[in-house]
Structure formats: structure tokens, C-alpha cells
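Take a look at the structure set out below.
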Amino acid sequence: GVLTPVDAPSARHPARVRVPAARFTPDGRAVLYLRDDGEDGFVRLKHAELDGSAPRPLTPAMPHDVEHFDVSADGRYLAYTWSEAGYSRLALVDQRAHTPLPVPAELPAGVISRLRFDRRGARLALEVSTATTPTEIDVIDVANTAVTRWAQAPAAGGALQPARRLRF
């Protein structure tokens, strides 16, 4: 029942703080959140333990905003996106090994608007819009980096047409 601050505004820019998304880690001991503290003007993904220790960045310093993120239910895998030259870029990280995972080359070039791991953390679903397809849902098998298209909107617009039943 006690409020615990996880990250304070910077001394340099005390009023310029933006937190567009936040969620608890799967174990409930920390918070993952996107934050723009005004230092360099870019949104970063951070990890803050609820014990009051200093937050740590989960994304490298880059001249782009992190836009979306998700973490697998067991906390092992982290996925996040950023926009670069009008296209979304995706990063997958094995947090236990502290290593990046390969991103499938066949992932369509477009804008990723949502991403979510399945309950087992074995697959990552992405909602992608491209220049030729308004919206599609692609699923990446994390172990073998295979991409499968699960649903696609008709070219003239309309509802997503499921190719498979999603259970996330």
C-alpha cells in the first residue's frame, strides 16, 4: 500500500518526463517502462527494481525512440521496436544470456504497431502495416526465427482475415 517512486525526473530537465508505456515484470519485482527524460530527447526502455535501486536502460543509446515492447511470461525474452527512416525495426533479446537474438530477414518492411509474446514465450506476434498490405499479423518462432503470416487485411481495407487461429 506504499507508493515507491521508480524513476525521478532528471536534475537537468525536471519537468520534461514522458512515460508512454509501463508494465510490471512477470515476477512483479520490477517495472519495465518507456521514458523520455529530456537528456537526449529520445525514449528508452528502462528496468526499475521496486527496491529503490537505480533504474537501468535495457536498450542501447540510439538516435531513435523505442516505440513498443513486450516481455515473455517467464521474463526470458524481450522484444522492442523503434522507428528508423519511416520503418519499424525489431530487436529480440535473450535476457538470461544477455544476448541479442537474430531477427528474421523475411519480416516485412513496414510499421509495427503492436507486439506480444504467447503464453509460453515461444512465439512473438507482430501487427505490421506495409506499403502494399494495410495490416497483417506475423508470428515469429523465437527458437528458429521462422516467420508465419497469420492474418492479413484485404488490400481495399476491412477486417483482418485470419489465416490461423491466434491464441496469445
Report task. Using θ = phi - 60° and the Karplus relation 6.51 cos²θ - 1.76 cosθ + 1.60, list the HN-Hα couplings for segment 106-122 in order, rounded to whole Hz, with x at every Gly or Pro. Result -> 7, 4, x, 6, x, 10, 8, 9, 8, 8, 7, 7, 6, 4, 8, x, 8
Query raised in the report: Carbon-plus-sulfur fraction of the accessible area of segment 31-133, 1.4 Å probe, in percent?
Result: 53
Query raised in the report: So how do LEU58, LEU34 rank on accessible area, 1.4 Å probe, biggest first, that is with the largest at the start?
Result: LEU58, LEU34
Report summary line: The long-range amide H neighbours of MET62, using H built 1.01 Å from N in the peptide plane and a cut-off of under 5 Å, are none
Query raised in the report: What accessible area per residue comes out for segment 43-130, rounded to a whole number of Å², with a 1.4 Å probe?
Result: 50
Query raised in the report: Check GLN95: other-chain or 5+ apart residues with amide H under 5 Å from its amide H, H built from backbone geometry?
Result: TYR77, LEU78
Report summary line: Sorted by chain and then number, the residues having a modelled amide H within less than 5 Å of the amide H of TRP150, at least 5 places away or on another chain, are ILE137, ASP138, VAL139
Requested in this report: Enumerate the calculated ³J(HN,Hα) couplings along segment 128-139 in order (Karplus 6.51 cos²θ - 1.76 cosθ + 1.60, θ = phi - 60°), each rounded to whole Hz, writing x wherever the residue is Gly or Pro.
Outcome: 10, 10, 10, 5, 10, 10, x, 8, 9, 10, 10, 10
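The values are calculated or read from the model by the stated rules, or taken from the named source; none is laboratory data. If you're wondering where the values come from, they're calculated on a predicted model, not measured in any experiment. These accessible areas exclude ligands, DNA and RNA; they are computed on the full protein's heavy atoms, side chains included. Shrake-Rupley method; radii C 1.70, N 1.55, O 1.52, S 1.80 Å.
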